[in-house]
Amino acid sequence: MAENLFVTGALVIPAAELRERFSRSSGPGGQGVNTTDSRVELSFDVAGSPSIPDTLRPRILDRLATRLVDGVVTVAASEFRAQLANRQAARERLASLLRSASEPPPPKRRPTRPSRAAKERRLTEKRRRGETKRSRRTFSD
């Protein structure tokens, strides 16, 4: 599966920059779990990759800071029994992770104030609620 990883239209990671490691999956046994290396760890060097544009690199590094180890992000997949399916799942997971990390920040929120009518409705409702509670009280001598 030596194919390039398509993250977005502008961001494509060459297959040569991806490193795959295979190991045995954990979990309950069975005939295959002890003998096949179906778990996949897919690693990508975000900090040193020439395929990431210099405009995106700081944003991706900042958003993935908690997942990076020496500038390398690693994704593991072991939910399938077949190694090929786990390889595909790991590639999709890495692409999704990089896609969300490279999105532009959301637009700034414009602070707004409640309208005069909204303030009046709130105060009227507060008065009505207070009146309801006041009418429930019992006076003791």
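The values are calculated or read from the model by the stated rules, or taken from the named source; none is laboratory data. Only a predicted model underlies this, so the values are computations on that prediction, with no experimental measurement involved. Cβ placement follows ideal geometry from the backbone for every residue including glycine, while neighbour counts extend to all protein chains displayed. Protein only, heavy atoms only, side chains kept; ligands, DNA and RNA dropped before computing areas. Shrake-Rupley method; radii C 1.70, N 1.55, O 1.52, S 1.80 Å.
Residue check: is residue 62 open to solvent by 30 Å² or more (accessible area, probe 1.4 Å) and either aromatic (Phe, Trp, Tyr) or at pLDDT below 90 (or both)? Against the criterion (open to solvent by 30 Å² or more (accessible area, probe 1.4 Å) and either aromatic (Phe, Trp, Tyr) or at pLDDT below 90 (or both)), residue 62 does not qualify. Among the residues of segment 77-108, those that are open to solvent by less than 80 Å² (accessible area, probe 1.4 Å) and under 22 Å from residue 53 (Cβ atoms) comprise 91, 94, 95, 96, 97, 98, 100, 101, 102. For segment 82-117, filtered to residues that are of a type in the set (Ser, Thr, Tyr) and more than 23 Å from residue 59 (Cβ to Cβ), the residue that is farthest from the chain's Cα centre (by Cα) is 115. Within segment 1-21, residues that are touching a residue at least 40 places away in the same chain (Cβ under 8 Å) and more than 17 Å from residue 97 (Cβ to Cβ) reach partners that are open to solvent by 90 Å² or more (accessible area, probe 1.4 Å) and of a type outside the set (Asp, Glu) with beta carbons closer than 9 Å, at six or more positions or on different chains, in the pairs 1/84. Out of 124, 74, one residue alone is over 24 Å from the mean Cα position of the chain (by Cα), open to solvent by 50 Å² or more (accessible area, probe 1.4 Å) and of a type in the set (Val, Ile, Thr). It is 124. For residue 32, the stated conditions do not hold, so it cannot be described as open to solvent by 50 Å² or more (accessible area, probe 1.4 Å), at pLDDT below 90 and more than 24 Å from the chain's Cα centre (by Cα).
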